[in-house]
Every structure is written in C-alpha cells, then in structure tokens.
Protein chains: 4
Amino acid sequence: MSKKIQVGIVGGAGYTGGELLRILINHPDTEIAFVHSNSNAGNYISDVHTDLLGDTDLKFADKLSDNIDVLFLCVGHGDAKKFMVANDIKEHIRIIDLSQDFRLKSHSDQAQDSGLKTRDFIYGLPELQREEIKSAQNIANPGCFATCIQLALLPLAAKGLLNEEVHISATTGSTGAGQSLSSTSHFSWRNNNLSVYKAFGHQHLKEITQSVKQLQNSFKKDINFIPYRGDFARGIMVSAYTEFEGSQEDAEKLYSDYYALHPFTHVSDKNIDLKQVVNTNKCLVHVEKHGNKLMVLSIIDNLLKGASGQAVQNMNLMFGLDEKTGLKLKPVGF
Amino acid sequence: MSKKIQVGIVGGAGYTGGELLRILINHPDTEIAFVHSNSNAGNYISDVHTDLLGDTDLKFADKLSDNIDVLFLCVGHGDAKKFMVANDIKEHIRIIDLSQDFRLKSHSDQAQDSGLKTRDFIYGLPELQREEIKSAQNIANPGCFATCIQLALLPLAAKGLLNEEVHISATTGSTGAGQSLSSTSHFSWRNNNLSVYKAFGHQHLKEITQSVKQLQNSFKKDINFIPYRGDFARGIMVSAYTEFEGSQEDAEKLYSDYYALHPFTHVSDKNIDLKQVVNTNKCLVHVEKHGNKLMVLSIIDNLLKGASGQAVQNMNLMFGLDEKTGLKLKPVGF
Amino acid sequence: MSKKIQVGIVGGAGYTGGELLRILINHPDTEIAFVHSNSNAGNYISDVHTDLLGDTDLKFADKLSDNIDVLFLCVGHGDAKKFMVANDIKEHIRIIDLSQDFRLKSHSDQAQDSGLKTRDFIYGLPELQREEIKSAQNIANPGCFATCIQLALLPLAAKGLLNEEVHISATTGSTGAGQSLSSTSHFSWRNNNLSVYKAFGHQHLKEITQSVKQLQNSFKKDINFIPYRGDFARGIMVSAYTEFEGSQEDAEKLYSDYYALHPFTHVSDKNIDLKQVVNTNKCLVHVEKHGNKLMVLSIIDNLLKGASGQAVQNMNLMFGLDEKTGLKLKPVGF
Amino acid sequence: MSKKIQVGIVGGAGYTGGELLRILINHPDTEIAFVHSNSNAGNYISDVHTDLLGDTDLKFADKLSDNIDVLFLCVGHGDAKKFMVANDIKEHIRIIDLSQDFRLKSHSDQAQDSGLKTRDFIYGLPELQREEIKSAQNIANPGCFATCIQLALLPLAAKGLLNEEVHISATTGSTGAGQSLSSTSHFSWRNNNLSVYKAFGHQHLKEITQSVKQLQNSFKKDINFIPYRGDFARGIMVSAYTEFEGSQEDAEKLYSDYYALHPFTHVSDKNIDLKQVVNTNKCLVHVEKHGNKLMVLSIIDNLLKGASGQAVQNMNLMFGLDEKTGLKLKPVGF
C-alpha cells in the first residue's frame, strides 16, 4: 500500500485496547492516529501499558479526529452504542466494535432504530463469513467464548450435523473479565482456584446460536454451556460434544476441509493444551470420536483471536490486506 | 480408648502416604507402628516429606510387623494386590487399600481367585454405605474423581432419578497424578495450562457406575465424563448435569436430606469455589436448576476426601471412633 | 482447664480474623464468645469465610461483650488504637493486637499518652521473650516480615555477632497485603509476576531493629531489606546474610541451641523451600557459610506464624497452656 | 538484503532451540536451512514445539549441511565444545553458541588448546561491546542471569563506580532450568513455592565479573548473589545494590546515557515488574537511591534477552542488519 491505514482507538486503556496497541505498533500497514481515553488523556500509553515502555512514545488523547480510515471501539458492553449516539462519526470511517453491542442481528436493527441507521454491522468471524467481512463497512467483533465455541461447532453446522443437544464446558483466563477489580479477580482468591459462573446462561450463547442457525437453520436443540473461571491470565479452552454418526476419520476430514483455507485455525491430530495458542491469533481444534459422540476441543487466546487479534484480522480483510498481516505473533510457549 | 490403634503404612514415601502421615501424626487415637518404604528405608520421614521437619522423628522401615491393627496400602495401582500375594498379612489386621485394586466387585472376586480368599473388600465411601464400612474387615478406598462425582450423583440415584444421560466435566490438581516425573507434570508446561485427558474413558467411571447401580439398579444411560488437568496442585471440581423434573427447592431438599447425617459433605446454597475445601476432608455440593436440567457442582481435596483423609475416615468408622476424629483440619483458605 | 477461655474477636471478616477463626474453632481450650464485624454483623461467618461452611454456625456480632478473657484485635494498622480509645475494655480482659499499633516501645509510650495508660503491651515473639509473654496482660503481635526476619537474625544478636551490615531479600505472598482490592492484588497482574516494593524502607524494619538491639544493644549497622511481592498466596521466604567469623558447624550449633526449646522453630540441615511451612505455625531456618558470610534462610506462613498462629501461640503462653495447643496443623504440603 | 541468511540450528528440540525457531520463522531476512536434533530427527518441529502447529512444516534433520551462513548451537553446557570437536564446521560458517562453553576468555584459550584454534569467540552482550560483535566471527551468547545482572551493573562499572561489595538477589522462571524433568521442576512442588539455590556460587558470576573488570579493571570486591527459583515459567528479576555517592538524578542520568543508543534496554523512571518484559527481547532497568546505596532493578525474559532473543540480536549485528530485525515481539502483557 502506498499510504498506511490511519487508525483511531477509543478505550485504549483497557485490556483489549492495550492488546490492540501491542499488535498495531508493529503492524506494517497501519499508523495509529490517536488513542482516546477519558481517564488517561495526556498520559503516555506506556504509563498504562507499562510493557510498551521503549516501544512507543504515543500519548492518550482526549479528542477524536476524523482523519482516520478505521475506528476501533474497545469500550464496555453498552458503551459502544452510547459512544456512537454521542459522537458524529463520519461516514467514511469504518468501525470495528469489540463490545457486544452489535453482534446480534436484532442489535443491528435496534441500532437503526436509535438513529444509527446508516451503520450496518457484520459479525466478524472470518471462519464463518470472510467474504462478507471483506466488503463490510462495520464489524461487530465476536466474543471470546463465542469465538472458541463457534470454531468448535461451525464445521458440524455447515453440514447440518448438529441434530442433538450440545454439551460444552469451557474455562477462561482472568483477563476475560477485564481489568476492573472484583472479588473474583483478587489474586489471593483466584490463585489455584476454580469456579463456575453463569452456567447455562452465558450471554455469548446468543451469538453462538445465531451463527449456528445461519449455517444450519434447522438447529433447535439446547446448547448447554458451563463456563469456568480458570486460575491463569490468558486463554480459553472449550470441550464440546454431541452425537455424531460418522467415524473419527470423517470428523477429521470434515474439520480439516472446513478450515483448509483459514490461516489461523488449524486441526491438530494430537491432543492439545491451552498454552499452544497463548499470545497468538490462532485457534487449534482437535476432534475425538467416543462411542456415538464427537468431542471437539478448541483453544484460543481470549485477548487475541478472542478479541483484539481477530479485530485486526477483520481490519486486514476489510482493507484488502493479507489476513495475517501484523498477526504473525511469537507464541509465548511457556 | 484405652489403647491406641496400631497403624502400619506401606508406600509411605508417595503423595497419599505422606498425606496419611500428616493426618495420623496428630490423630489422638492412633500410633504409627511402622512406615514401610522400599526406596527410603532408614531415612527420616521428614527427609522425604520435608514439611514434617520438627513434627516427627520417625524413620522409614524396611520390615513389616504383625503387631498392628490396621494396614494402609498406599501403593500404585496393581501393586496392592501384588503386595498381598507376596506378603502373609495376619488375619487380625484390617486393610485399607488406597489403590484401585479392590474397588470393583469383580476385583473382589478376582482377589478370591488369586488366593486372597479370606479378604473381602468393602467400597469405602461413607456417604454410600457407612454401616457396611463400620463392620468391614477390609476397605477399598475410592478414587478421587470417583469420590467427587459420586457425591454429586448419589442423592439422585438414591431416589431413582438418574434416568437420562449424565454430563460431567471435572478438573483435577497435579497431585492427582502422583509424584512421578512426566511431561505433563513439568512446571514449565503445566503452569497456566489446561488440557483434557482420557475423555469418555477414565478408569473411575467403573466404580462410579457400580455405586450408582447399587442405589438405582435400573440406571442404563451414559455417564459422559471429560477430565481436565488443572494448573493447581490440590483439589477436584466437578460439574455434572442431567435432566431433572423437580424444582430448585426439590433439589436442595433432596441433597440436604441425603447428606444431613454425613459430617464431611455439605450442601451450599451459594455458588462454590475449589479452595473452600483444599486441605480439608470435606466435600461441598451446590445444586442449580436450569431449564429441564439439574447442575450439581461438587468439590473435594483429591488427597484428603479423595484419598488419605477418606481412608482415615474409614478407619475411624471401622474402629468405632467418631467419624471426624483427627480430621478437623484447618482449611488452607488461600 | 475446667473452664474454657472465652474469646472475643474484633475484625473477624478480614484475612487474619478468618485465620484466627480457622484455628480457634478446633482449639480444645477456647470458646468463641463473639466475632465482631461492622460490615458483616448478622451474617454467618461461613458466608464470608466460605471454607468454614459446615464447620461453624457462628454469626458475626455487632456488639461486644465483657464476658471474655481475651480479645483479639484483627483490625487495620491505626485502627487498634482507635478501637481502644473508643471502647472501654474492662481491665480483666487481655488483649492480643495483630496490628502494628503497639509493637514499638515508643508506641507503648504513646498509648499511655493517649489515655490508654493502664495497658502495657509486650512484643509477642516467643522466640525472643517467652517468659515476658507468659505474664503479659497485653500482646503486640509481631508483623509477618518482622517475624521471619527476626527468626533469621536473633540467634546472632543474642551472641553479639551482628557487627556488620545485614543484607536481606524477602518475598511475601499476596495475603500479606490483606483482602482489599488493588492493582497489585489483581490476578491478571500478579499471576506469574514479581516486583519489589518499599525497598530499604519497609515499616517492619523498626520492630526488627528494636528486637535486635534488645539482644545486642551495640548494633549500629544498616539492615538492608528488599521486599518482593511474590505470585503465591501464602508464605514468606527470607534470605539474610552478614559477615560471620565462625564455621558452618558453629553456625548450625548457634541456631540449634537458640531454638532447642522452641517448639515451632526448627533448624534444617538441608536446603529449605517455602511450602514446607505453608498452613503451619512453624518457622524453618537453614544456615550456610559462604566465604566470610553467613547466609540464613527462614520461612513462615505469613498468616500463621506471621499473624494469627503466633497470636494463638501467645494466647496459649499467657493462659498457661501448652504452647502448641490447637496449633498442630496439617501442612498443606502441596 | 538480496539473499536471505541461511541458518542452521543444532539442538532444536530444547527450550532455547524452540525459542530461536519461534523467532526465526518470522524473521524477514533469514531462512532456516536445517534444524538438527538427535532425538527427533524426522519428526515435525511442531510435534515437539506444539505451539508452532500451523506456523511451519519444517522437520528435524539428522544431518548437518555446509550451505549455511550461521550455525546456532542450542546444546547443553559442555556439549558445544564437544560438538565442535566432533564436527568439521567450515570456516565460512559463523557460530553463535548459546552454551557457556566459550563465554570466559580462559575458555576461548582452552578452545584454541583443544584444536579449535581458528575460532575466536566474542562475548555477545551488545550493551557491553556492540562493535566487537558486529565484526565477530563467533559469538558466545551470555547466560540469562549474567545478562540481567550485567545490565544492572555495567553503567556503574563503565564509570569506575563499583568500589564496594555488590549485593544481588535474583529470581528465575522454571524455563531457566531447561526441559529435563527433576524434582524442582515438578509442578506439584514448584507451584506456589520459592527456594534458593547455588547461593554465592552460581556459575554466571564468572562471566559477570569478567565483564565488570573489562569496564573497571580495578574492581576487586565481592559480588554476593543469591539466586531464587520462582514459581513462574519465564523471566528473571534482579535487584542489585551497592554504595553510590551520587544522587538519584545522577544515577538516572548515568543509566539513561549508557543505554541511550541501545534499542532493547530502557530505563524506567517508575517501579518495574517482571511481566513488562515477558515474551520480549527487552531489558528494563530502574534505579533508586536509598541512603548511601543505589538499588538497581532489572528484568528480562530469560529465554529471549537471556538466550535466543539475544542470539538473534547478535546475528543481526554480525550480518549488518538493523539490531531489532525480527525482534519486535508482542509482549505477553499478562
């Protein structure tokens, strides 16, 4: 590209905003025009994201600018919509929203009702609809659990094979809960601990179901989902199973075919463990047939493929870049 | 008691042997006659279990003695049976075996086949059959996952309410895998990691099913069990769910009634987290009705209620002591 | 004892209050008369210290009572003195204060200035002055770092051997900072992290110096102390070194002799690691001569020997009980 | 560059070999010619370094090739020298050795004695001698502790200000001990634990002293170094202090000036914590004047700036590339 993509970031002081900065600072085709933060305006970015000391001299801004090509909204759930109502975002600016405000089609309708009528949001899961993302003006970036669970289920849905209940347990790292302080984010409590929350009622079930039905409209069964709080900072591991008539080989082929052209999602023929994907934008999937059931394991880094990494992946697609640009990240490994 | 129970321990250098020692050293009604270890004979116990420095001057012995009332077998799976074949254990000595060698009724039959015919082993889960344990000569101490899962399911089975498939995910601490070195016990790998193993095929399913059928002979459905390796040292958390017609209140009453007279298993009306039971012999259970399903969470310390603590609980019952003697342990809390 | 010691606890909802409860619930010679908490009055203790579910039916009280023999103050630094000024504590009631308000002799003087003149506080480190504690009316319970560091240094001071600068690094678990939420207690930050704080200026240096001078009045050198925040919940490990003319054998004898009659502090002739003492009231000490320096390692559980365990040890001494009563705790081991 | 640097790697299955691969796979100016491994020849690299699944299709080779420009030796201490004796490495191939075999000048002499006479190794710490590295034929890559400690001390030595004893405590992650299984790398032991090892006698003291004397030949005092094993996987934090006459401002200027032109080492005017550098090639340094002492904190990722990252940095310098090429790594942050 002759000219770099001009990027604006709103909510840059939080976890997803920080992660986005960590990626974009080294992205060859972008230039960060501003990083907005109400609470930190005027401060160096490296005063908040202290691991960026020496990597950037940027400061947080208290003003927005129209001279950008894309705006990332890294704000809390509900705040993206408020921000858009309160600010007149020029039509030429594309929006990638990391909140849940526009993920559901009914949300998109609501957006139009509330006067945001020129903005149509496309659900930004490339493994579901890469072509739509390429031509999207606005992206609703998927949730972290939602991404990991969909990548476990979509190949089945694409073939109409989700015909019985789905049983899911999944464990998330503490960064999934953001940087606000709470009793369940206190180190003394969470260290070496494990707990279940929002069993059978996690809010991401809605976007999961929406995508499953997009591929397999007939799906009517329950998706039973038990989320756990894990005692690690990064990552989500999902195990999902349901009835499946095919063989182990059928399952492997089904998943390998589905992901063959997707550069971040890979099928492992060996068992997987969470740290294989930490600090990467990858998703690894592993399938095992047991009796009449197919178990699918999937793992992502909740802040990358589950948030800011996928947001950049979507930006790359929207601007005609190679999907992996800026996202060839060194895994932490340990 | 006028005379203390004389205790022998075989395999005292391992995790369960060490944990048994940590309990028995302060048990008011026992005296440790010997702690046998092939590899450590002659060494101080506190050279191996270094946290016992200052608490005991005992040494590991290379010889057994017949002057005991009860023998704890803290050896590997398969080795308990071998030990009993190789050693002539006097008839008056009661045996509490922490391995899996005699947990299944078919094992007990096998034991008789292999010349161990005078030894009949009772499955030592007090919440299943306390009266049988009181009069038992020999105890097969349950597995750790098996204990935690049974305590989640038995109240339902006791009322004949397990009529559909059961879905279980459960995560265990690293001590569940013993002290042998392996790639999955390496700190650099396991720290902040999570992985699934033996999905749908964990060996404890057999003893779980045996107990469920003992209470509800009609049970014929699958128990789907996904075990996880957690990145903590102690504890097991189980979530189990199945279809349940009753209400939340019905479930709470069912579980509270079942455990009313059991001093170590309690029903929590609030959500639970693993560290509530670490370093105790307790099990906490929490039930939640969601749609047509009942979810049961249960937590134990895998080395205590899941192994050595339950072994002492069984000993207490066998010798007519209060069930909690020596087991009022300070929880670690954090 | 014919009659149990009646205990009152102020500030029972915090970490040290909770730890005190975990001990006293099983203490054979005490009865908990009340547990005061402003914020939790009326709630079950097990609603706050949820690991005590099934162990106690006590509730937090909003009123104090005079029908007690001893009052434990488990409140924040500065609040113990305020509490005593605001409340008329009957003269017959002994006080054990876990805050730092009365640890320094100058504090004790201040106490008299502020109208607390009938209360004289004895610094409650049994390894320093067990006899004074036995006859004390009021105890200022030592700080956690202060306890661990003093137990590393006192044998040298007792022989007048602290003649050069002392160099100390020590790492504490997160519970040392209490249960209030802060950026440095956030799991996402603290997990797998390490940091230094209050280098050369930690407030415990004052009580350490006071005790050292009590044994070796000539001591005039710097005690250089670098405290670290560790990524674990419980425990303190100290390494301290200074010039020492004697041999390895001299050092071992010096320390062994000093602690020979102290039931909780033991000299290990092997290297030590933190988890040897977690969930116990013990301190382990290990000495190594290197060149002209003697390095002393010492480890405690910051909430037990460093706080509530030592408070109970002091209570035992004050009431003529065996020093270890109620404190034979099962180590967590792992 | 018109042609990519052809790279060979010996010992690619270990931690430093894996980390080198994670970097070089995305390095724009290198091509991996072969990755040698005795134990894994024929296997996919991603079968061993499983986090690289989807990132590379390379396999381990059992043969070396001469068609390379640089050879990285990622083998155990002692094995680099053996390898060089056993294999005839063509003169045009530059060597970067990550072991300790050639770090000391006396080693280099020995190398010549043992027939490796054409190979002269330059100690590869860019912040000490970047120009020498640029023209070096062979590099002895520094140790991890050695790197972190030198970066804390060299600015003082460069000004001749190390005139009194130096006092160092430093804590390393578990990956510093490599991937071999041992009791101190067992998760059940190391989790939430802390321990000291090789106090006053760590092997890295020799290379530290060599560099200090290179800058300040007069230095004759002790460097007292207490290494700790931390309960995290990656990173080293050092605190070092010594007498210093200047002011806080003097110290800040001294360090800032020294590192002004070094792109990976930065002086933080705020307190630092270990995770600021994890998964980066950076070193952060922070200085604090206390009384007559200057305390210097420094942090690195032991596998990157402490091993493979610095090795690539050295390669970049040797081949005339920008020092940061391929090393703009996304920090893990959490």
### Task
Leaving out ligands and nucleic acids, note down the accessible area per residue over the stretch D:5-119 with a 1.4 angstrom probe, in whole Å².
42 Å²
#### Entry: Estimated vicinal HN-Hα couplings, Hz - the stretch C:179-186 in sequence order (Karplus 6.51, -1.76, 1.60; Gly, Pro = x)
9, 5, 7, 7, 4, 7, 10, 6
### Summary
Among A:54, A:23, A:37, the residue whose Cα sits farthest towards the positive end of the charge dipole of the stretch A:15-66 (+1 at Cβ of Lys and Arg, -1 at Cβ of Asp and Glu, taken about the Cα centre) is A:37
### Summary
Treating only Lys and Arg (+1) and Asp and Glu (-1) as charged, each at its beta carbon, one finds that the protein assembly as shown has a dipole about its Cα centre, in Debye to the nearest 20, of 0 debye
## Note on the structure
Karplus ³J(HN,Hα) for the stretch B:300-316 (6.51 cos²θ - 1.76 cosθ + 1.60, θ = phi - 60°; Hz, whole; x = Gly/Pro) runs 9, 8, 4, 8, 10, 4, x, 6, 6, x, 5, 4, 6, 4, 5, 4, 3
### Query
Per 10 Å bin from zero, what fraction in whole % of the C-alpha pairs of the protein assembly as shown is there, up to the bin with the longest pair?
2, 9, 16, 20, 21, 17, 11, 4, 0, 0
### Task
Give me the accessible area of residue C:189, 1.4 Å probe, in Å² rounded to the nearest 10.
60 Å²
### Query
To the nearest 10 Å², what's residue C:119's accessible area with a 1.4 Å probe?
20 Å²
### Message
Name the chain B residue nearest the rotation axis between B and A, going by Cβ position, and give the distance in whole Å.
### Response
B:169, 2
### Query
Over the stretch C:1-157, how many percent of alpha carbon pairs lie in each 10 Å bin up to the one with the longest distance?
10, 38, 35, 15, 1
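Please state the relative contact order of the stretch D:43-96 as a whole percent: Cα pairs under 8 Å, 6+ residues apart?
Numbers: 39 pairs, mean separation 17.5, N = 54.
About 32 percent, as a whole number.
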### Task
Counting only DSSP beta bridges with both residues in chain C, tell me the antiparallel percent, nearest 5.
45 percent
### Query
Counting only other chains, what is the mean number of Cβ atoms within 10 angstrom of the Cβ of each residue in peptide C:42-53?
4
### Message
Can you list the residues in the stretch C:4-33 whose accessible area drops by at least 30 Å² when all protein chains are present, compared with the chain alone? Use a 1.4 Å probe, heavy atoms only.
### Response
C:15, C:22, C:26
### Query
Which distances, in nm and shortest first, link the residue B:180 label point to the same label point in every other copy, taking 7 Å along Cα→Cβ?
2.1, 4.8, 5.0
### Task
Rounded to the nearest 0.05, what FRET efficiency do residue A:214 and residue B:165 give with R0 = 30 Å and r taken as the Cβ-Cβ distance? Could you check?
0.60
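For peptide C:220-233, how many partner chain Cβ atoms fall within 10 Å of a residue's Cβ, on average?
On the way: counts 0, 0, 4, 0, 6, 0, 8, 0, 8, 2, 8, 9, 12, 13.
Averaged over the peptide's residues, the number is 5.
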### Message
Defining the label point at 7 Å along Cα→Cβ, can you sort the distances from residue C:245 to the same site in each other copy, shortest first, in nm?
### Response
3.2, 8.9, 9.2
### Query
For the peptides A:248-255, B:326-333, what is the packing order when you average, over each peptide's residues, the other Cβ atoms within 10 Å and list the highest mean first?
B:326-333, A:248-255
### Query
Antiparallel as a % of all DSSP beta bridges within the protein assembly as shown, to the nearest 5?
45 percent
### Query
When the helices in the protein assembly as shown are scored as -39500 (n - 2.57) per DSSP H run of 4 or longer and the sum is shared across all residues, what 222 nm value do you end up with, to the nearest 500 deg cm²/dmol?
-8000 deg cm²/dmol
### Message
Just to confirm a number: summing +1 for Lys and Arg and -1 for Asp and Glu over residues other than residue C:29 whose beta-carbon lies under 15 angstrom from that of residue C:29, what do you get?
### Response
+2
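Among DSSP beta bridges lying fully in the stretch B:144-302, give the percent that are antiparallel, nearest 5.
Percentage antiparallel, nearest 5: 70.
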### Task
Using the 7 Å Cα-to-Cβ label point, sort the distances from residue B:163 to its equivalents in the other copies shortest first and give them in nm to one decimal.
2.6, 8.7, 9.0
### Query
So what's the stretch D:56-106 giving for Rg/Rh, alpha carbon basis, Kirkwood Rh from the mean inverse pair distance?
0.99
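What relative contact order, as a whole-number percentage, does the stretch D:225-334 give when Cα pairs under 8 Å and 6 or more residues apart are counted?
Working: 182 pairs, mean separation 32.6, N = 110.
For the stretch D:225-334, the relative contact order is 30 percent.
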### Summary
The D/B contact buries a total accessible area, at probe radius 1.4 Å and rounded to the nearest 100 Å², of 1300 Å²
### chain C - percent of accessible surface contributed by carbon and sulfur, probe 1.4 Å
46 percent
### Query
Which residue, C:153, C:125, C:261, has the most motion in a Gaussian network model of chain C that connects Cα atoms within less than 10 Å?
C:261
### Query
Helix A:15-24 versus the longest principal axis of chain A: what angle, 0 to 90°, nearest 10, using Cα atoms?
80 degrees
### Task
Hey, can you grab everything whose amide H is under 5 Å from the amide H of residue A:96? Only 5+ residues off in sequence or another chain; H modelled, so Pro and N-termini drop out.
A:71, A:72, A:73, A:139
### Task
Roll a 1.4 Å probe over the protein chains and send me the accessible area per residue for the stretch B:144-302 in Å².
30 Å²
### Message
Starting from the 7 Å offset along Cα-to-Cβ, what nm value, one decimal, do you get for the label separation of residue C:203 and residue D:328?
### Response
4.7 nm
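Counting Lys and Arg as +1 and Asp and Glu as -1, each charge on the Cβ, what is the dipole of the stretch D:144-302 about the Cα centre in debye, to the nearest 20?
Numbers: 15 positive and 15 negative charges, 104 e Å.
So the dipole magnitude of the stretch D:144-302 works out to roughly 500 debye.
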### Summary
Once normalised by the length of the stretch B:145-301, the mean sequence separation of its alpha carbon contacts under 8 Å that are 6 or more apart gives a contact order in percent of 31 percent
### Query
So how long is each side of chain B along the principal axes, counting just the alpha-carbon atoms, biggest first, in Å?
60, 46, 37
### Task
Compute the Rg/Rh shape ratio of the stretch A:186-274: radius of gyration over Kirkwood radius, all on alpha-carbon atoms.
1.01
### Summary
quick shape note, the stretch C:105-253: Cα extents on principal axes in Å, largest first -> 49, 46, 25
### Query
If one puts a single equal scatterer on every Cα of the stretch B:202-334 and applies the Debye formula without solvent, what log₁₀ I(q)/I(0) results at q = 0.16, 0.17, 0.21 Å⁻¹?
-0.98, -1.10, -1.49
### Crossing angle, helix B:144-158 versus chain B [Cα axis fit, 0-90 degrees, rounded to tens]
50 degrees
### Query
Just D:314, D:87, D:281 to compare: in a GNM of chain D, with alpha carbon springs under 10 Å, which one fluctuates most?
D:87
### Task
Only Lys, Arg, Asp and Glu count, each charged at its Cβ (+1, +1, -1, -1), so figure out the dipole size of chain B about its Cα centre, rounded to 20 debye.
240 debye
### Task
Would you kindly state how much longer the chain becomes between residue B:65 and residue B:47 on full extension, computed as 0.36 nm times their sequence separation minus their alpha carbon distance, in nm to one decimal?
4.2 nm
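The values are calculated or read from the model by the stated rules, or taken from the named source; none is laboratory data. What you see is a predicted model; the values in this text were computed from it and never measured. Please note: Cβ atoms are built from the backbone with ideal geometry, for glycine as well, and neighbour counts cover all protein chains shown. Heavy atoms of the whole protein, side chains included, go into the accessibility calculation; ligands, DNA and RNA do not. Shrake-Rupley method; radii C 1.70, N 1.55, O 1.52, S 1.80 Å.
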